[in-house]
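Worksheet: the structure to be examined is printed underneath.
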Amino acid sequence: MTVVERAEDAYIILIEDDPNSYLVVEELVKHAGFKHFYHRSNGTKLVPLLEALPQVDLILLDIGLPGEDGFAVLKRLRAHPQSARAHIAAVTANIMHHTRLRAKDAGFDSFISKPIRPDKICDQIRGMLNGHAFWW
Amino acid sequence: MSNEPTNEPRLEEYTQSLREDSFVALLRSLGIAGMILLCGSLISNSRGALALPVSGVFLATYWLSNFIRVHGPYRWAVVVFLAGALASIITTFFFYRLPENPFIFFTPLVVVIAGILLRPRVGFVVATGTSLLLAGAAVVGGDQAQVLQLPFLASVMLGYLSATVAMLSSQSFFAAVEWAIDSYHKVERRETQLFESEKQLQRALHEKEYLNSQLSTSNKELERARALAEYANRMKSQFVANMSHELRTPLNAIIGFSYILKQELKGPLCADQQDYMSRIYDSGNYLLKLLNDVLDDAKLEAGRIDLQCEPTPLESVVLDAQVTASSLTLGKSIELRQEFAVDLPLVYIDRMRVAQVLLNLLSNAVKFTERGVITLRAYPTAAALRAANGDGWAGEAYVVVEVEDTGIGIAKEHQTLIFEEFRQADESLSRRYGGTGLGLPISKRLVELHGGELHVSSMIGHGSTFQFTLPIATEAQILAANDRHGELVAYDEEL
């Protein structure tokens with residue numbers, strides 16, 4: 001994964017079906033100065049977005065999506081050249097131990113539990129963009 | 001012996017019935033002999049002189065004896081029979097004198113019969129009586145001189161000899177009968193015993209069958225109960241997981257939006273608005289913490305936390321926890337120090353769980369320390385060092401992890417209290433510092449699940465040191481892990 005020069009220039013995609021969660025993250029991220037923040041409610045229209053962007057640095061992927069779940073979307077993201085080397089974090093309210101392990105086995109780079117910590121999320125995003133993994 | 005009292009009344013009965021049978025046979029023979037003699041005397045006139053009276057005595061004896069046998073006591077019937085036999089011999093004296101009377105030699109027969117039909121010793125009485133009777137008859141007949149002569153003496157001697165033979169033979173006969181009866185009874189007793197024990201066996205078998213069926217029934221019930229309990233437990237876990245998930249989603253909005261407003265990202269707030277927004281935010285966070293801890297506690301309580309242990313370098317775990325802890329120290333003048341022994345051995349742990357423990361201890365340290373130093377220390381025990389050098393038992397080989405702070409400290413009397421669920425050292429602290437009071441109990445149990453121990457030492461005002469041990473991975477565990485997924489260990493070591 002390419003470490004971006006300035007975190008604020010990074011291309012970030014949030015895939016999240018719950019509008020509350022999406023609104024909170026968007027509000028915080030935009031306020032923190034991130035310029036390229038995109039949102040999708042599910043995995044269906046993801047590929048055109050990937051291909052429209054010059055690069056993808058970080059993907060925040062909800063596991064509990066309706067229809068195609070996060071694990072399936074992850075598989076497709078890893079298969080796509082544009083997102084194969086991006087940092088992909090699982091974002092989920094299902095914090096059971098086995099979900100965490102399953103996420104690790106599936107190939108997620110980080111695990112952000114919901115509810116997201118509004119005071120931490122921007123630091124976490126910066127950390128992930130710098131190559132840190134978050135599992136707690 | 002039949003004349004001695006025996007404790008087997010059936011033996012007496014049996015010999016008596018034998019005697020009666022032989023008596024009846026003799027009686028019939030006497031009757032038939034009487035009839036033949038009567039017929040013979042009627043056919044031939046010349047010899048009829050003797051045969052007629054003898055046959056008369058025979059028939060009379062037969063009739064009388066049989067009558068008594070049917071209606072009266074056996075003993076008298078036999079006596080009459082014997083008397084009749086003797087009477088028939090005496091009758092012959094009217095035709096033959098003693099010297100030439102051949103019938104006196106029939107007396108031993110009477111003696112023998114008496115011995116058999118009554119008692120063995122009665123033979124001697126009858127022999128004496130008969131001899132005296134014959135002698136008397138001879139004297140009456142005018143032959144008194146003949147009594148001392150050979151034929152009579154011979155017949156007397158023969159009589160006693162017969163009595164002796166009769167006594168001996170009937171004794172041995174009855175001994176044989178007794179033996180036979182005895183054996184028969186023994187066999188019978190054995191048979192009864194056998195029958196009894198067979199019945200007992202049958203009963204025991206039935207009982208066993210019943211118990212077996214009972215056992216299988218209760219086994220089935222047990223199995224059903226177990227399945228039900230398992231199902232209930234699964235349902236409970238499922239419920240807890242769902243509940244957790246369902247509660248988390250709205251918390252996201254509560255915590256997130258209150259934070260946004262509180263930070264005045266959407267415009268300035270007046271003091272009250274600011275205060276209330278902070279209260280919403282803090283309450284949301286408290287609820288979240290409670291939810292996390294209750295979930296863990298419920299799983300620990302049900303023994304449902306399965307550790308996924310791997311040989312792990314401790315440094316990789318510390319990294320996970322420290323990133324989070326360092327963000328907690330923002331706004332406080334706290335220095336985070338790390339003192340790790342060189343060449344720490346791999347520990348056999350579930351890295352997620354140990355990170356959880358470490359994070360808990362670190363965030364506690366940060367929470368209760370306003371300024372100063374928090375030191376994270378890790379070193380192997382002396383036993384571990386010895387084991388690494390190849391001598392000593394590796395069972396006590398642990399890595400000790402310490403989290404030392406320079407915070408407010410914990411009073412001696414509170415140092416056990418803090419490991420109890422929903423208890424904090426001081427109620428006022430709870431209000432001031434927040435927290436659910438579940439973190440330490442859960443950490444302690446997680447460490448114990450790994451086979452280690454968690455202790456605290458503290459002095460009030462000088463800070464606290466939390467210390468826990470983690471088992472060092474054995475050669476076998478490392479080899480097994482390498483075999484299972486070599487790439488995962490490689491990945492861990494890369495970190």
Quiz prompt | Principal semi-axes in Å for segment B:83-122 [√(5λ), Cα gyration tensor, largest first] | solution = 23, 10, 5
Quiz item: If amide H atoms are built 1.01 Å from N in the plane of the peptide, which residues on other chains or at least 5 residues away come under 5 Å of the amide H of residue B:349?
Solution: B:310, B:312
Self-check item: R0 of 60 Å, Cβ-Cβ distance residue B:319-residue B:212: FRET efficiency to nearest 0.05
Solution: 0.50
Quiz prompt | Charge-dipole axis of segment A:1-124 as Lys and Arg at +1 and Asp and Glu at -1 on Cβ define it, positive-most pick from A:48, A:11, A:71 | solution = A:71
Quiz item: Pulled fully out, how much extra length does the chain show between residue B:225 and residue B:326, if you take 0.36 nm times their separation in residues and subtract their Cα-Cα distance?
Solution: 31.4 nm
Exercise. With +1 on each Lys and Arg Cβ and -1 on each Asp and Glu Cβ, and nothing else charged, work out how big the dipole of the protein assembly as shown is about its Cα centre, in Debye to the nearest 20.
Key: 2680 debye
Quiz item: What size of dipole, in debye to the nearest 20, comes out for segment B:72-192 about its Cα centre when the only charges are +1 on Lys and Arg C-beta atoms and -1 on Asp and Glu C-beta atoms?
Solution: 200 debye
Quiz item: At residue B:336 and residue B:237, where each label point lies 7 Å from the Cα along Cα→Cβ, what is the point-to-point distance in nanometres?
Solution: 3.3 nm
Self-check item: Principal axis dimensions, chain A - Cα atoms, whole angstrom, descending
Solution: 35, 32, 27
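Roughly how big is segment A:40-136's charge dipole about its Cα centre, with Cβ charges of +1 (Lys, Arg) and -1 (Asp, Glu), in debye to the nearest 20? Present the calculation step by step, with values, prior to reporting the outcome.
Values: 13 positive and 9 negative charges, 23 e Å.
Computed about the Cα centre, the dipole is about 100 debye.
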Quiz item: Among the DSSP beta bridges whose two residues both lie in the protein assembly as shown, what percent are antiparallel, rounded to the nearest 5?
Solution: 45 percent
Quiz item: Which residue, chosen from B:174, B:288, B:482, occupies the Cα position most advanced towards the positive end of the dipole of the protein assembly as shown, where the dipole is computed from +1 (Lys, Arg) and -1 (Asp, Glu) charges on Cβ about the Cα centre?
Solution: B:174
Quiz item: In terms of modelled amide H atoms, which long-range or inter-chain residues lie less than 5 Å from the amide H of residue B:408?
Solution: none
Quiz item: Residues of A:110-118, mean number of Cβ from any other protein chain within 10 Å of their own Cβ, rounded to a whole number?
Solution: 6
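At a threshold of 8 angstrom on Cα-Cα distance, excluding pairs fewer than six apart, so keeping six or more, what relative contact order does segment A:34-108 reach in percent?
After rounding, I find 31 percent.
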Exercise. Pop out the ³J(HN,Hα) list for segment B:61-71 in order, Karplus 6.51 cos²θ - 1.76 cosθ + 1.60 with θ = phi - 60°, rounded to Hz; leave Gly and Pro as x.
Key: 4, 4, 4, 5, 4, 5, 4, 5, 4, 6, 9
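Return the average number of partner chain Cβ atoms within 10 angstrom of each residue Cβ along peptide B:254-260.
Details: counts 3, 7, 13, 5, 2, 8, 6.
For this peptide, the per-residue mean of nearby foreign Cβ atoms is 6.
No lab work stands behind these numbers, since they all come straight from the coordinates. Bear in mind the structure is a predicted one, so any value in this text is a computation, not a measurement. Cβ sites come from the backbone with ideal geometry, for glycine too, and all protein chains shown count toward neighbours.
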